[in-house]
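One structure is given below, encoded as structure tokens.
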Amino acid sequence: MYDSFAYSYDELTENVEYSKRAEYIGTLFARLGVNENASVLDLACGTGSLTVELAKKGYEMIGVDLSEDMLARAQSKVWEEELDVLLLKQDVTELDLFGTIDACVCMLDSLNHLDCADDVRKAISKVGLFMNPNGIFIFDVNTIYKHRNVLANNTFVYDCDDVYCVWQNSLNDDDSVDINLDIFECEDEAYYRTNESFTERAYEIECYKKWLEEAEFEIIDIFDEMTENPLNDKTERAVFVARYVGKTEER
């Protein structure tokens, strides 16, 4: 999934400002006792832009993604920056690391891309399985408000230097959104078309709270995206900050 999207992903997401997101995460980490040499998992790391920015801050980074093409892009960035980052091709619901981690991030609505609520629960549970005592888990998710009022049945057009993308949405009764991307990439003065289709699913905030509790995480805060402000009725992305409180002897 998302293999064809990998080639144009970075150009289409230039406005994401990964360095600012890394600063935001780093600020939260520092406050919560995650040192700069800590072992940090970037779950569903995609093309590795955030992974690289966090690695440059000194964190010992592991990136996991299911797409080979996304990981190939990530590996190129790692080599270019001469960083020591471990990249693994894995399904986030079947996470299997070589050791434990001090923290995990899963950003840019990656959990919304999973097929069902049970898969989200499994992914959160797997993070807990490999988390060190008092480890920190930070993830964001698109809200139901965003699905109903922003994505909805809307169409978006992105006209970049070498990529033209038509993004078409279809809102379903369960607040999931079917997304179809027609991507036209310029090469040798000709445009080549690829297509990517997937579904994003949004759940009530209380569902994520329940899944975190089941995985032995204690919620520290839930913020509006890229802030430390509380959620409001128009929050588009909710940022969860949680601490693993499970007992190691029971794991």
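The values are calculated or read from the model by the stated rules, or taken from the named source; none is laboratory data. A quick note: this is a predicted structure, and the numbers were derived from the prediction, not measured. Ideal geometry is used to build each Cβ from the backbone, glycine not excepted, and the neighbour counts take in all protein chains shown.
Going by what's in this entry, would Val85 be described as over 21 Å from Ala55 (Cβ atoms), touching a residue at least 12 places away in the same chain (Cβ under 8 Å) and crowded, with 22+ Cβ neighbours inside 10 Å?
no
Of Thr100, Thr155, Thr143, which residue is among the hydroxyl-bearing types (Ser, Thr, Tyr) and buried (at least 18 other Cβ atoms within 10 Å of the Cβ)?
Values: Thr100 fails: buried (at least 18 other Cβ atoms within 10 Å of the Cβ); Thr155 fails: buried (at least 18 other Cβ atoms within 10 Å of the Cβ).
Criteria check complete, one pass: Thr143.
Looking only at the stretch 222-251, filter to residues that are crowded, with 16+ Cβ neighbours inside 10 Å and either among the acidic types (Asp, Glu) or out of contact with any strand residue (DSSP E or B) (no Cβ under 7 Å at 6 or more places or on another chain) (or both); which one of those is modelled with the lowest pLDDT?
Here the residue is Gly246.
Conditions tested, residue by residue: (1) assigned by TED's automatic domain parsing to the domain that holds Ile62; (2) within 21 Å of the chain's Cα centre (by Cα); (3) among the acidic types (Asp, Glu); (4) in a strand (DSSP E or B).
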| site | (1), (2), (3), (4) |
| --- | --- |
| Asp96 | yes, yes, yes, no |
| Ile124 | yes, yes, no, no |
| Val127 | yes, yes, no, no |
| Val166 | no, no, no, yes |
| Ile179 | no, yes, no, yes |
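Would you say Ile179 is under 27 Å from Met70 (Cα atoms) and either out of contact with any helix residue (DSSP H, G or I) (no Cβ under 6 Å at 6 or more places or on another chain) or touching a residue at least 60 places away in the same chain (Cβ under 8 Å) (or both)? Spell out how you get there, then give the answer.
Working: under 27 Å from Met70 (Cα atoms): yes; either out of contact with any helix residue (DSSP H, G or I) (no Cβ under 6 Å at 6 or more places or on another chain) or touching a residue at least 60 places away in the same chain (Cβ under 8 Å) (or both): yes.
So Ile179 passes the test.
Counting only residues that are within 11 Å of Ala22 (Cβ to Cβ) and either of a type in the set (Val, Ile, Thr) or touching a Cys at 6+ places or on another chain (Cβ under 6 Å) (or both), which one in the stretch 41-72 is surrounded by the fewest Cβ atoms within 10 Å (Cβ to Cβ)?
Out of the qualifying residues, it is Val52.
Any residue at all in the stretch 217-228 that is of a type in the set (Ser, Thr, Tyr), assigned by TED's automatic domain parsing to the domain that holds Arg31 and in contact (Cβ under 8 Å) with a residue 24 or more places away in the chain? Full working, then the answer.
Pass one, the stretch 217-228, residues of a type in the set (Ser, Thr, Tyr): 227.
This time we only want the ones that are assigned by TED's automatic domain parsing to the domain that holds Arg31, so: 227.
Of the ones still in play, those that are also in contact (Cβ under 8 Å) with a residue 24 or more places away in the chain are none.
For the stretch 217-228, residues of a type in the set (Ser, Thr, Tyr), assigned by TED's automatic domain parsing to the domain that holds Arg31 and in contact (Cβ under 8 Å) with a residue 24 or more places away in the chain: absent.
Do we find that Ser19 is within 23 Å of Tyr158 (Cα to Cα), in a helix (DSSP H, G or I) and without any contact (Cβ under 8 Å) to a residue 60 or more places away in the chain in this structure? Let's see the steps before the verdict.
Numbers: within 23 Å of Tyr158 (Cα to Cα): yes; in a helix (DSSP H, G or I): yes; without any contact (Cβ under 8 Å) to a residue 60 or more places away in the chain: yes.
Taking the combined requirement at face value, the residue satisfies it.
Is it the case that some residue within the stretch 56-72 is of a type in the set (S, T, N, Q), touching a residue at least 24 places away in the same chain (Cβ under 8 Å), under 19 Å from Gly99 (Cα atoms) and not in a helix (DSSP H, G or I)?
no
Quickly run through the stretch 190-214 and pick out the residues that are in contact (Cβ under 8 Å) with a residue 40 or more places away in the chain, over 16 Å from the mean Cα position of the chain (by Cα) and in a strand (DSSP E or B).
Thr194, Asn195, Glu196
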